[in-house]
Amino acid sequence: MKDDKNISDFKANNQNIVENKALNFFEALIPVILLMGLLFYNIVFADGELLGTYSNQFILLIGGAIAAFVGFFNKVSLQLMLTEIWENLKSVFVPILILFLVGALAGTWLISGVIPAMVYYGLQVLSPAIFLPASVVISAIISIATGSSWTTSATVGIALVGIGTALGINPGMIAGAVISGAYFGDKMSPLSDTTNLAPAMAGTDLFTHIRYMTITTVPTILVTLVVFAIISATIDTSGSADVSNLLQTIDATFNITPWLFLVPIIVIALILMKTKPLVALATGVIIAAIFAFIFQTEVLNNLGNSKLSTVITSIFTDTQISTNNEKLNELFSSGGMEGMLWTIFLIVCAMIFGGIMDGIGALSRITEALLSVATSVFGLFASTVISCLGLNAIASDQYLAIVIPGKMFKKAFEDKGLAPENLSRTLEDSGTVTSVLIPWNTCGAYQSGVLGVGVGEYFFYAIFNWMSPFTTLIFAALRIKIKQLSNSK
């Protein structure tokens, strides 16, 4: 049973946070240290195959088992841990459905000619000299409009990776540009859930929060654009992509027509109309399947004896469209829903580990320890940043990386005479945008799964994302635009 003398909890924005006074800081760190050690060994020395294809998933479960032993040692009930695991799993139920639909979307958009059409026309418009900064801007615009970095990656992100790969640009660079723009837009959009959550936790209003974020966010995105412009001007793609040959091959394989753009336009329009993502993506799958019958009869005939079974196969399993160009053969393949299983298993295992860590009170204990050493204004900002980064890695969930530090550090910011928008901005600069840099975080797993580029490949090029916490710390250290409470001296 739960010991009410030692364990308490509170709920904020549907996120339950458990506090356990009996658990000390070093005990809370045991599962984290062992988890990080195993993951490091798996990545560096075992090429990610320490325990087979699903090594990271098994390691997260091992970390969860260790955390459970720590919990049992501190008299935390199994029921409480299972309850927190269930709460975590419930929180990712919709994202998992979205991932399945994104897999189906990729398959149907391939056989319907939507993705080939995007690549075909994109190759004629986006040259290597402007491709990377253009990808940042395009992704930012879509993300601001939709309020979702996930939707941006699932639509224009997939197309941009396809176009850039055909141009001979490193996929890690393309994914980094897409993610940088998508998360800039996600941060600055009033439609974004995290942009609403951060000010709610800190105690300020939405538009004050957005205005205050521009102080650190705009310089960061400008630096990102400059860096990508320099990279685009210096990368050598000569000989790596014969555009005219690529265009001829695509045109010979598919029936390319501007009418195919109706599918992504309808999906984006539905999202702008605030239709639920599941409905919007499912609509995209259905319309693409219909367009496959209308526009790509020859493709369907070449893939199988039955057009209907070919479409169904593209939704659920592998689809490979062969051309006379090896680069396009790699591009024109999709795993359907089945291709998303590795990512979904990773998310489920991460939620199990995070749920147990929360259930035993380890998450709040680690945050409290960071808070206790924040004696100066800069130390307070630094502790918040470290807490957000740590929780993205430990809890594997960007919402907890906002909610827990937001709740724990709110009074400390008030005591220092700092306006709440300082906290809300720091939560976004270090919690929201860095979630995508952790392979087993829901955001990292999603983006790598959708874009088909591993976190390790795009990490360095997700410039906006890893620069943001540094920017907020620089501004804090130099006391630039650190707003005080109106009644503070």
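The values are calculated or read from the model by the stated rules, or taken from the named source; none is laboratory data. Since the model is a prediction, treat every value here as computed from it, not as a measurement. For neighbour counting, all protein chains shown are included, and Cβ atoms are generated from backbone atoms with ideal geometry for every residue, glycine included. Areas reflect the complete protein model, heavy atoms only, side chains present, ligands, DNA and RNA absent. Shrake-Rupley method; radii C 1.70, N 1.55, O 1.52, S 1.80 Å.
Below is a table of values for the structure above.
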quantity	calculated
Cut-off 15 Å between beta-carbons: net charge of the residues surrounding P469, Lys and Arg +1, Asp and Glu -1	0
Extreme residue, positive dipole direction of the chain, given options S387, Q248, M173 (C-beta unit charges)	S387
Calculated FRET efficiency for the pair N301/W259, C-beta based, R₀ 30 Å, to 0.05	0.90
Extension gain from D47 to F25, taking 0.36 nm per residue of separation minus the Cα-Cα distance	4.7 nm
Protein-only accessible surface order, largest first, of R479, R365 at 1.4 Å	R479, R365
Estimated inter-spin distance, R211 and S486, nm [label 7 Å along Cα→Cβ]	1.2
Shape call, the stretch 170-327: gyration tensor on alpha carbons, a/c limit 1.5	oblate
³J(HN,Hα) computed for each position of the stretch 94-106 - Karplus, 6.51 cos²θ - 1.76 cosθ + 1.60, integer Hz, glycine/proline x	5, x, 5, 4, 4, 4, 4, 5, 5, x, 5, 4, 4
Between helix 171-188 and the chain: long-axis angle, C-alpha atoms, 0 to 90°, nearest 10	60
Inter-site label distance for I290 and E330 at 7 Å from Cα along Cβ, in nm	3.6
Structure-based [θ]222 nm, the chain - -39500 (n - 2.57) summed over DSSP H runs of at least 4, per residue, nearest 500	-22000 deg cm²/dmol
Per principal axis, descending, Cα span of the chain in whole Å	70, 48, 44
The chain, dipole about Cα centre (Lys/Arg Cβ +1, Asp/Glu Cβ -1), debye to the nearest 20	1360
Inter-label distance for T234 and T275, nm, one decimal - labels placed 7 Å from Cα along Cα-to-Cβ	4.4
Rule-of-thumb Rg ratio for the stretch 22-76 [Cα; 2.2 N^0.38 Å; N residues]	1.25
Residues whose placed amide H lies under 5 Å from that of L418, excluding near-sequence neighbours	L485
Hydrodynamic radius of the stretch 145-221 per Kirkwood, over alpha carbon pairs, in Å	13.5
Most to least packed among 182-192, 330-340 [average Cβ atoms within 10 Å]	182-192, 330-340
For T317, distant residues with modelled amide H under 5 Å away	M337, E338
Set K187/K481; K90/K307; K274/K411; K90/K483; K90/K274; K411/K481 screened for pairs whose C-alpha atoms are more than 30 Å apart	K90/K307; K274/K411; K90/K483
Portion, in percent, of the accessible area of the chain that falls on carbon or sulfur, probe 1.4 Å	65
Å² per residue, accessible surface of the chain at 1.4 Å	40
Calculated from backbone phi, Karplus (6.51, -1.76, 1.60) coupling profile of the stretch 316-328 in Hz, x at Gly/Pro	9, 9, 5, 9, 10, 10, 8, 10, 8, 10, 4, 4, 6
